[in-house]
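Asks: Encoded as structure tokens, here's the structure I'll be asking about.
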Amino acid sequence: MNKLTIFCCAVLLVLSACHTGNSSSHQTIFNINLDEGLTSLDPAFCRNQNTIWMDNQLYNGLLQVNDSLKIRPCIAKSWDISADGTIYTFHLRNDVYFHNDPLFTNGIGRKAVASDFVYSFGRLIDPTVASSGSWIFSDKVEGKRSFIALDDTTFRIRLRQPFPPLLALLTAQYASVVPHEVVDYYGKDFRSHPVGTGPFKFKYWKEGEVMAFLRNEKYWEKDKNGGSLPHLDAIRATFISDKQTAFMEFVTGKIDFLNDIDGSYRDDILTKSGKVTQKYKGRFILNSAPYLNTMYLGMLVDSTLPIVKHSPLKILKIRQAINYAIDKQKMIKYLRNSLATAGNAGFIPAGMPGFDAQKVKGYSYNPEKARELLAEAGFPNGQGLPDILLTTTLGYRDLIEYVQGQLEQVGIKTRVEITLGASLRELVSKNGVNFFYGSWIADYPDGEDYLSLFYSKNKIPWGPNYTGFNNKQFDTLFEQAHHEANDARRYALYQQMDNLVMQQSPVVILYYDKLVNLYQNNITGYSKNALNLLVLKRVVKTPLSP
């Protein structure tokens, strides 16, 4: 008997103890694999997808989003915003409790109150904590005194200036509530002793091997019929790094959920039109939808940087030629099995509230226009144009080599350099590379998150303006949007900004990603949202037919 089988039996024993007196109850464990592992279950360090997924089971925040990315109450049942947009007052539920823990009186989880949010949000901006989520509040509030508990059920945030996307930002897992007595006791070790208010509670974690959460029997949310949530008894996570091995575990029914389809076996599962092949038809559920992830090529355009001085990419018409030279539809069909949307609009991706491909004009395939622009830039058919270095990671080598071939057809020669993901991220974060492959996954469901990459005050090292883009008109619109509370009018400003970015072309939008989730046929109640947020509180797992 292997370790995972032994562990599964142990979980079942725990569950049996939880259901004393109801021996006929069917106990269900949801099995998931986290191929990139985890470094922490502390929401202050919730910086990658796997951590976001697992923290979403353990914690709650003031607000949450539904599958349409609409903001909905969570621990905050309602809220008020001052006329000037700088004071947010949240009215909290009175029936939300932390999970049981020995550090509480009699080991019983106490009620979550407004002062817990003061503490939790204060942690995010505390330099001694060094949270990767400090950006949520660091430039928006005047320190910890901006978080105020008026009483147990009334919490207030004071902003330095208006920031209409705040409500969307507060749905991020970074903004989860944690209990001070547990965090203070464990310090940095809270990462492996998490206590929240979420639908599941932490039980066990052997790092790199297995993790288990159990159903929170005191959870406060109900399903649409008024029944208790969650429906599952437990979650078990494994950490198989090899994608093909994980897929075989899924095919044999040992894993209930698989995220994405690796290129090494994509053609085995999917046709070029994105349909399940005959081999696997009916064997599982394929759940696909727009995913707030823009895949792009970035071009450094800040001519004050030494690295840009001799770069042909500082010339606008060359950047525009590159945009016209790539057949994105063909790329998506043959390299992504049609599971993406061509990036013919702006940087804000399909699926984001306010996205409108009719109002934001990007670039479609037009090789003749690309050649025309090259000639206008002084390089007819690419003559005299130096080779351009394009840096990417191994996982996207096939895609970038496709781009290389497309550019060569119009006279633009590139050299492709393959590097490690961490190395590329470091280079990009230091303006150390002129032409690079990148992606931007939404931190929160508002277009401001994407446009912030082009705001001049967000230049390296203060922010994520990796291309060095600087446009006064863009900056004026960006700042104006912070004073526009009406969503429709704010989205119109976003569209103006996105059009400006496309006109100046510091990026090539390759495609807007689509999420691909695989579920076993006995799983129902799963979510389909553009954040690819794993929501397990409503999932039901029924016995498979013999």
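Asks: With each pseudo-label sitting 7 Å past Cα toward Cβ, what's the D151-N521 distance in nm, one decimal?
Replies: Calculated label separation equals 5.6 nm.
Asks: Rounded, prolate or oblate, given the Cα gyration tensor of the chain, with a/c below 1.5 counting as rounded? Don't skip to the answer; put the middle values down first.
Replies: Values: a/c = 2.14, a/b = 1.39, b/c = 1.54.
It comes out oblate by the Cα gyration axes.
Asks: Turning to a different aspect of this structure: At q = 0.24 Å⁻¹, what is the base-10 log of I(q)/I(0) for the range 160-257 according to the Debye formula with one equal point scatterer per Cα and no solvent? Please give it to two decimals.
Replies: With one equal scatterer per Cα and no solvent, log10 I(q)/I(0) is -1.22.
Asks: Whole-Hz Karplus ³J(HN,Hα) for the range 337-351, in order, using 6.51 cos²θ - 1.76 cosθ + 1.60 and θ = phi - 60°, x for Gly and Pro?
Replies: Residue by residue, the range 337-351 yields 6, 6, 8, 5, 10, 4, x, 9, 10, x, 6, 5, x, 4, x Hz.
Asks: Once each part is reduced to its C-alpha centroid, what is the distance from the range 139-197 to the range 431-465 in angstrom?
Replies: 24 Å
Asks: A follow-up question, please. Hey, what number do you get for the chain at 222 nm if only DSSP H runs of n ≥ 4 count, each worth -39500 (n - 2.57), divided across all residues, to the nearest 500? Present the calculation step by step, with values, prior to reporting the outcome.
Replies: Details: 15 runs with 142 residues, N = 546.
Taking each H run of at least 4 residues, the total per residue is -7500 deg cm²/dmol.
Asks: For D256, what is the net charge nearby, where nearby means another residue's Cβ is under 11 Å from its Cβ and Lys, Arg count +1, Asp, Glu -1? Don't jump to the answer; show the numbers that get you there.
Replies: On the way: positive: R236, K254, K541; negative: E249.
Result for the neighbourhood of D256: +2.
Asks: If you don't mind, there's one more thing I want to ask. Neighbouring Cβ atoms within 10 Å as the yardstick, rank L374, L424 fewest first.
Replies: L424, L374
Asks: While we're here: As a footprinting exposure proxy, order S176, S68 by other Cβ within 10 Å, with the fewest listed first.
Replies: Values: S176 26, S68 11.
By the 10 Å Cβ count, ascending, the order reads S68, S176.
Asks: Calculate log10 I(q)/I(0) of the range 338-407 for q = 0.12, 0.29 Å⁻¹, where I(q) comes from the Debye formula with a single equal point scatterer on each Cα and nothing for solvent.
Replies: The computed values of log10 I(q)/I(0) come out as -0.50, -1.21.
Asks: Kindly state, to the nearest 0.05, the FRET efficiency for L389 paired with T277, given R0 = 41 Å and r defined as their beta-carbon distance. Show your work: numbers first, answer last.
Replies: On the way: r = 38 Å, r/R0 = 0.93.
Efficiency, from the Cβ-Cβ distance: 0.60.
Asks: Does the range 58-193 classify as rounded, prolate or oblate by the C-alpha gyration tensor (a ≥ b ≥ c root eigenvalues; a/c under 1.5 gives rounded; else a/b over b/c gives prolate, otherwise oblate)?
Replies: Values: a/c = 1.68, a/b = 1.36, b/c = 1.24.
It is prolate, given that a/c is not under 1.5 and a/b is the larger ratio.
Asks: So how far apart, in nm, are the two label points at S192 and N287 if each is 7 Å from Cα heading toward Cβ?
Replies: Distance between the two pseudo-spin positions: 3.1 nm.
Asks: Follow-up question, since we're still on this one. Loop only by DSSP, 12 or fewer other Cβ within 10 Å of the Cβ. Give me the chymotrypsin sites (Phe, Trp or Tyr not before Pro) in the range 462-501 that pass, ordered by residue number.
Replies: Values: sites: W462, Y466, F469, F474, F478, Y491, Y494; in loops: W462, Y466, F469.
Qualifying residues, ordered by number: W462.
Asks: In percent, what relative contact order does the range 293-368 have, based on Cα pairs under 8 Å that are 6 or more apart in sequence? Please report the intermediate quantities before stating the final value.
Replies: Numbers: 67 pairs, mean separation 22.5, N = 76.
RCO, the range 293-368: 30 percent.
Asks: Follow-up. Please list 3J(HN,Hα) in residue order for the range 298-303, calculated via the Karplus relation 6.51 cos²θ - 1.76 cosθ + 1.60 where θ = phi - 60°; whole Hz, with x for glycine and proline.
Replies: x, 10, 6, 10, 7, 5
Asks: Moving on to the next point. Based on Cβ point charges of +1 for Lys and Arg and -1 for Asp and Glu, what charge dipole magnitude is obtained for the chain about its Cα centre, in debye rounded to the nearest 20? Don't skip to the end; give the middle numbers.
Replies: Numbers: 60 positive and 53 negative charges, 148 e Å.
My answer is approximately 720 debye.
Asks: Additional query: Please tell me the relative contact order of the range 58-193 in percent, rounded to the nearest whole number, where contacts are Cα pairs under 8 Å and at least six residues apart. Write down the numbers at each step before the final one.
Replies: Values: 229 pairs, mean separation 39.1, N = 136.
29 percent.
Asks: Let me ask another. Between I307 and A130, what length comes free when the chain is fully extended (0.36 nm per residue of separation minus the Cα-Cα distance, one decimal in nm)? Before the final figure, lay out the partial values.
Replies: On the way: separation 177, 0.36 × 177 = 63.72 nm, distance 3.13 nm.
Extending this stretch completely gives an extra 60.6 nm.
Asks: Going down the table (K77/K537; K70/K144; K77/K218; K275/K330; K111/K203; K254/K541), which pairs top 22 Å between alpha carbons?
Replies: Numbers: K77/K537 19 Å; K70/K144 28 Å; K77/K218 18 Å; K275/K330 17 Å; K111/K203 20 Å; K254/K541 13 Å.
Among K77/K537; K70/K144; K77/K218; K275/K330; K111/K203; K254/K541, the Cα-Cα distance tops 22 Å for K70/K144.
Asks: If R₀ is 30 angstrom, what is the calculated FRET efficiency for the pair Q244 and I418, using the beta carbon separation as r and rounding to 0.05? Write down the numbers at each step before the final one.
Replies: Working: r = 21 Å, r/R0 = 0.70.
Plugging the Cβ-Cβ distance into 1/(1 + (r/R0)^6) gives 0.90.
Asks: For L389, list long-range residues whose amide hydrogen, built 1.01 Å from N in the peptide plane, is under 5 Å from its own amide hydrogen.
Replies: Result for L389 returns R415.
Asks: Which Cα, out of W205, T294, N458, lies furthest along the positive dipole direction of the chain (beta carbon charges, K/R +1, D/E -1)?
Replies: Value: T294.
Asks: By how many nm would the segment from S115 to Y97 grow when fully extended, if each residue of separation counts as 0.36 nm and the alpha-carbon distance is taken off? Mind showing how you got there, number by number?
Replies: Details: separation 18, 0.36 × 18 = 6.48 nm, distance 1.37 nm.
Net length gain for the segment: 5.1 nm.
Asks: Using Cβ counts within 10 Å as a stand-in for footprinting exposure, how do L500, L300 rank, fewest first?
Replies: On the way: L500 18, L300 23.
The order, fewest Cβ neighbours first, is L500, L300.
Asks: Related question: Magnitude of the Cβ-charge dipole of the range 58-193, K/R +1 and D/E -1, about the Cα centre, nearest 20 debye?
Replies: Roughly 200 debye, rounded to the nearest 20.
Asks: Give me the net charge for the shell around R47: Cβ to Cβ below 14 angstrom, other residues only, Lys and Arg +1, Asp and Glu -1. Mind showing how you got there, number by number?
Replies: On the way: positive: R191, R425; negative: E36, D42, D55, D443.
Computed value for this residue: -2.
Asks: Continuing with the same structure: In terms of modelled amide H atoms, which long-range or inter-chain residues lie less than 5 Å from the amide H of A289?
Replies: Excluding prolines and chain starts, which carry no amide H, the hits are L515.
Asks: To continue, here is another question. Along the charge dipole of the range 387-500, pointing to its positive end and built from +1/-1 on Cβ of Lys, Arg, Asp and Glu, which listed residue (W440, Y494, G411) has its Cα farthest out?
Replies: G411
Asks: Are there chymotrypsin sites (Phe, Trp or Tyr not before Pro) in the range 233-272 that DSSP puts in a loop and that have at most 14 other Cβ atoms within 10 Å, and which ones?
Replies: Details: sites: F239, F247, F250, F257, Y265; in loops: F239, Y265.
Sparse-neighbourhood loop chymotrypsin sites (Phe, Trp or Tyr not before Pro): Y265.
Asks: Here's a follow-up. In the chain, if the dipole is taken from +1 on Lys/Arg beta carbons and -1 on Asp/Glu beta carbons about the Cα centre, which of L390, S134, V428 is farthest to the positive end?
Replies: Comparing the listed Cα positions along the dipole, L390 ranks first.
Asks: Relative contact order of the chain, please, whole-number percent, based on alpha carbon pairs below 8 angstrom and at least 6 residues apart.
Replies: Numbers: 1090 pairs, mean separation 99.3, N = 546.
Rounded, it is 18 percent for the chain.
Asks: About its Cα centre, how strong a charge dipole does the range 196-304 have in debye, to the nearest 20, once Lys and Arg get +1 and Asp and Glu get -1 at the Cβ?
Replies: 460 debye
Asks: What list of ³J(HN,Hα) couplings, whole Hz, do you get for the range 78-93 from phi and the Karplus terms 6.51, -1.76, 1.60, once you set θ to phi - 60° and write x for glycine and proline?
Replies: 7, 7, 10, 10, 5, 4, 8, x, 10, 10, 10, 10, 10, 9, 8, 5
Asks: Please list, ordered by chain and number, the residues whose modelled amide H lies under 5 Å from the amide H of V178; skip anything fewer than 5 residues away on the same chain.
Replies: Under 5 Å from the amide H of V178: S120.
Asks: Sticking with this structure for a sec: Quick one, can you get me the convex hull of the C-alpha atoms of the range 359-496 expressed as volume per residue in Å³? Spell out each step's value before the answer.
Replies: Values: hull volume 19.7 nm³, N = 138.
Here the figure is 143 Å³ per residue.
Asks: Using 0.36 nm times the number of residues separating E142 and N106, minus their current alpha carbon distance, what extension gain do you get? Kindly include the intermediate steps, with their values, before the conclusion.
Replies: Details: separation 36, 0.36 × 36 = 12.96 nm, distance 3.76 nm.
Full extension from E142 to N106 adds 9.2 nm.
Computed from the coordinates by the stated procedures, all read-outs in this text should not be read as laboratory data. The structure presented is a predicted model; accordingly, all values stated were derived computationally and were not measured. Reconstructed Cβ throughout: ideal geometry from the backbone, glycine too, with neighbour counts over all protein chains shown.
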